[in-house]
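Asks: Below is a structure I'd like to ask you about.
The values are calculated or read from the model by the stated rules, or taken from the named source; none is laboratory data. Please read these numbers as outputs of a predicted model, since none were measured by experiment. Virtual Cβ from ideal backbone geometry, glycine too; neighbours counted across all protein chains shown.
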Amino acid sequence: MHTIQICLGSSCYSRGNNTHLGVIRKYIAEHGLEAEIAFSGHLCENLCSEGPILRIDEKVYKEVNLSSLYRILEELKSKDDVTSNP
Ligand code: FES
């Protein structure tokens, strides 16, 4: 089980997380990952200048954009593929 938390503070939200939010939701649904990924939003954590911020498990991703987001999601999914198909 992984946790994705997206910063919904106004700075991160307006600089990309408004779009990333939908992209992540769609990705989880399209790949049937609802049981493996808990997705939620969180409030500003004072990293605005390095945003948009995304937190996956304990790791903080900074300056996320659409291309890095897809890479991050693919990496996360492949980790799960490895654990479910050893
Ligand atoms: S709005 Fe995301 S860290 Fe401040």
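Asks: From the list Ser49, Ser67, Ser84, exactly one residue is modelled with pLDDT under 95 and of a type in the set (S, T, N, Q). Which is it?
Replies: The match here is Ser84.
For every residue, the table says whether it meets (1) exposed (fewer than 13 other Cβ atoms within 10 Å of the Cβ); (2) touching a Ser or Thr at 6+ places or on another chain (Cβ under 8 Å); (3) of a type in the set (A, V, I, L, M, F, W, C).
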| site | (1), (2), (3) |
| --- | --- |
| Ile4 | no, yes, yes |
| Arg15 | no, no, no |
| Thr19 | no, no, no |
| Leu69 | no, no, yes |
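Asks: Please work out which residue is nearest to Asn65 (Cα to Cα), limiting yourself to the range 1-21 and to residues that are of a type in the set (A, V, I, L, M, F, W, C) and more than 10 Å from the ligand (Cβ to nearest atom).
Replies: If we take residues in the range 1-21 being of a type in the set (A, V, I, L, M, F, W, C) and more than 10 Å from the ligand (Cβ to nearest atom), then Leu21 is nearest to Asn65 (Cα to Cα).
Asks: Does any residue in the range 34-55 that is at negative phi and β-branched (Val, Ile, Thr) come within less than 9 Å, Cβ to Cβ, of a residue that is within 16 Å of the ligand (Cβ to nearest atom) and modelled with pLDDT under 95 six or more places away or on a different chain, and which pairs are these?
Replies: Here the result reads Ile53/Glu45, each pair linking the range 34-55 to a residue that is within 16 Å of the ligand (Cβ to nearest atom) and modelled with pLDDT under 95.
Asks: Within the range 43-73, which residues are more than 10 Å from the ligand (Cβ to nearest atom) and either under 13 Å from Tyr13 (Cα atoms) or over 11 Å from the mean Cα position of the chain (by Cα) (or both)?
Replies: Matches in the range 43-73: Glu58, Glu63, Val64, Asn65, Ser67.
Asks: Among the residues of the range 22-41, are any surrounded by 12 or more Cβ atoms within 10 Å (Cβ to Cβ) and within 12 Å of the ligand (Cβ to nearest atom)?
Replies: So far as the range 22-41 goes, yes, one or more of its residues are surrounded by 12 or more Cβ atoms within 10 Å (Cβ to Cβ) and within 12 Å of the ligand (Cβ to nearest atom).
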